[in-house]
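The values are calculated or read from the model by the stated rules, or taken from the named source; none is laboratory data. Since we're looking at a predicted model, the values are computed, not measured. Ideal geometry is used to build each Cβ from the backbone, glycine not excepted, and the neighbour counts take in all protein chains shown. Surface areas here come from the heavy atoms of the whole protein model, side chains and all, with no ligands, DNA or RNA. Shrake-Rupley method; radii C 1.70, N 1.55, O 1.52, S 1.80 Å.
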Amino acid sequence: MDAGLIYLPVGVYWSGGIDCAGWSDLGIPDFPTILDDSENWQFPDWFGAPFPRSVVMDQNFQITYSGINHNFDQIRSAIVSAIVEIPGNEGLEPQLEFGANRAVYAETSSQNDQLYPDITVGSDGRIHVVWIETVETANDIFYSFSNDGGNSFSTPVQLNSVGGAVTLADGSGPRIRLRNEQLVAVWADHRNDENSSAIVMATSVDNGGSWEEVGIISDLGGSQLFPDIETGPDGRWHLIYYNWLPDGSFEGIRYAVTLPGESAFEPSTLPDLTSGFGTPSTCSPPDLAVNTSGDVFIAFRNNYNNFRDHFIARKPVDQYDFNVAVAMSYNWWSSEECPASGPSISVNENYIGAGYMVETPANTFLRWGSPFSLVFHDELNVNPEAADFIQDFPDVEVDREYLHAVWVSDVLGSPDIYYGYSKSYADGLFRYQRVNDDPAEESTVQTHPRLHFSDENLYAVWIDYREGPARIYFAGTLAPAQLPGDVNLDGIVDILDIIVVVNFITGTQLPDEIQAQLADLNEDGAIDILDVILLVNQIMDQS
């Protein structure tokens, strides 16, 4: 955003008034100029009544399209036509590739499983990960961070003060979010009653250096599950969760919010999301999103006589109540079994991106929509050629006009994590790739991925069984920082690196450029016995 303008690879868009001097400066070579006031009745009417009106112009300000009223589809079509004429746009699009996989913490007991992770990344590049660690019937929440792009992670710390009481339900993992350097994590916990759960919160005011458990934040009797939390642009925390009444009947989705910068939630409310047209599917987690304007969105899988489509509701920033939810998918998929995966949404100023699973076998679809009208375009199967295989558990992130997605598919025989992105202005899926890097022929299960976008890079975590028990694995598109001394590039500095350095010195192995840099610990331009001594000392200091 610069003086009311948002610069896009497809052109120039503005969403507020602009004076005549600003108008004359808009002639950017090779890019069309897009004026869309179709959602803003207060916008100055540059092109005469009636208004609102939407216009697409070329770089010479010749009008190539003009539409009156809410013409979202027509505007999109006109913009797509203009983009076709722009040279070199492909080079501006994401060229992201996921790198090597790392176990966040593999040293835990072989009797333990690590499940249902979540991830967020700060503006300083620190990666924050939480998950449930379970052994037999005892479940706890653990947290770890990385300062080097995911090359290594800190020793995990337990966040829940009452050990073993975290509620384990399919897909009901913790959520972690940032507000400046303050972290918040929420999860479901049955510390007060083995037969019911409540929502518990912990916070860190020093960017994950230390944590304090706030305690139970849900304000009702009965049982709560599937929490999600997001930070608004004004510093409010927004919270949703499913609620069951003390008699065991399902009430619906509860919503609560804090004051700006505060940690205490106002009393929760029960938005009328469906007006009797079904009720949220009780085993499919909902998803929460807040855009930069402060509008709040709730997406959920609905259950209307066993039809399991996905719905979305919006609460404008200046309103107290949510609007009644509208359908986000229109598949009329009927299933008496309650699916375990819910929808995923991501929102920016101009778009809603959605990912969801429907049908049998499970297929994953992506969809673009308007955050104002909640009108969605045609859905896109993430891999039509694999439609006969399972595609499930999608998670999405919107960046400008790109919708990034990860999901699970067993197209190669066992469940793997896949990635691709779609464009708001073009059909198809791009940069399709397998994220987990274990051999494809192995029957390892990978599932429940979570995706985060930060500073032009993507970060993913998931449940991975390549070590036998479930472990949380990480991969990112940002090349992790290399550790001095890690000459075999396995992410650990240990005796195996000493062997490789000795091989370099004796000439039995030749280093590449990166290995030569990492092995020269005293930075004197040579790899010799002095580097071996420093490497031994480094390893001893670690232990």
Tell me, yes or no, whether the range 323-343 has at least one residue that is open to solvent by 20 Å² or more (accessible area, probe 1.4 Å) and either at pLDDT 95 or above or of a type in the set (Lys, Arg) (or both). no
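Inside the range 387-409, can you point out the residues that are more than 15 Å from the chain's Cα centre (by Cα), within 12 Å of THR364 (Cβ to Cβ) and not hydroxyl-bearing (Ser, Thr, Tyr)?
ALA387, PHE389, ILE390, GLN391, ASP392
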Restrict the check to the range 114-135 and report whether at least one residue is of a type outside the set (Val, Ile, Thr), open to solvent by less than 30 Å² (accessible area, probe 1.4 Å) and over 23 Å from the mean Cα position of the chain (by Cα). no
Within the group ASP410, ASP399, ASP392, which residue is surrounded by 16 or more Cβ atoms within 10 Å (Cβ to Cβ), without any contact (Cβ under 8 Å) to a residue 24 or more places away in the chain and among the acidic types (Asp, Glu)? ASP410
Output the strands (runs of 3 or more DSSP E) that fall wholly within the range 305-401 and possess 2 or more residues being out of contact with any Lys or Arg (no Cβ under 9 Å at 6 or more places or on another chain), or say none. 310-315, 344-347, 363-369, 391-399
Collect the residues in the range 265-302 that are more than 25 Å from VAL358 (Cα to Cα), over 25 Å from the mean Cα position of the chain (by Cα) and open to solvent by 50 Å² or more (accessible area, probe 1.4 Å), keeping them in residue-number order. GLU266, PRO267, LEU270
Within the range 425-447, can one find any residue that is under 30 Å from ARG367 (Cβ atoms), touching a helix residue (DSSP H, G or I) at 6+ places or on another chain (Cβ under 6 Å), open to solvent by 10 Å² or more (accessible area, probe 1.4 Å) and not in a strand (DSSP E or B)? yes
Only one of ASP520, ASP524 is surrounded by fewer than 17 Cβ atoms within 10 Å (Cβ to Cβ) and over 23 Å from SER344 (Cα atoms); which? ASP524
Could you check ASN383 against (1) more than 30 Å from GLY468 (Cα to Cα); (2) open to solvent by 10 Å² or more (accessible area, probe 1.4 Å) and say which number it fails? (1)
If ASP247 passes every condition in (1) more than 17 Å from the chain's Cα centre (by Cα); (2) over 22 Å from TYR116 (Cα atoms); (3) open to solvent by less than 50 Å² (accessible area, probe 1.4 Å) but one, which one does it miss? (3)
Those residues of the range 236-287 that are part of a strand (DSSP E or B) and either within 30 Å of GLU336 (Cα to Cα) or touching a residue at least 40 places away in the same chain (Cβ under 8 Å) (or both) come to a total of 19
If you go through the range 157-164 one residue at a time, do you hit one that is open to solvent by 10 Å² or more (accessible area, probe 1.4 Å), under 27 Å from ASN101 (Cα atoms) and in contact with a Cys (Cβ under 9 Å, 6 or more places away or on another chain)? no
Exactly one of these conditions fails for ASP148: (1) within 30 Å of ASP193 (Cα to Cα); (2) surrounded by fewer than 21 Cβ atoms within 10 Å (Cβ to Cβ). Give me its number. (1)
From ASN101, ASN112, ASN139, ASN151, which residue is over 27 Å from PRO439 (Cβ atoms), polar (S, T, N, Q) and touching an Asp or Glu at 6+ places or on another chain (Cβ under 9 Å)? ASN139
Among the listed residues SER422, SER454, SER409, SER414, identify the single one that is out of contact with any strand residue (DSSP E or B) (no Cβ under 7 Å at 6 or more places or on another chain), at pLDDT 90 or above and of a type in the set (Ser, Thr, Tyr). SER414
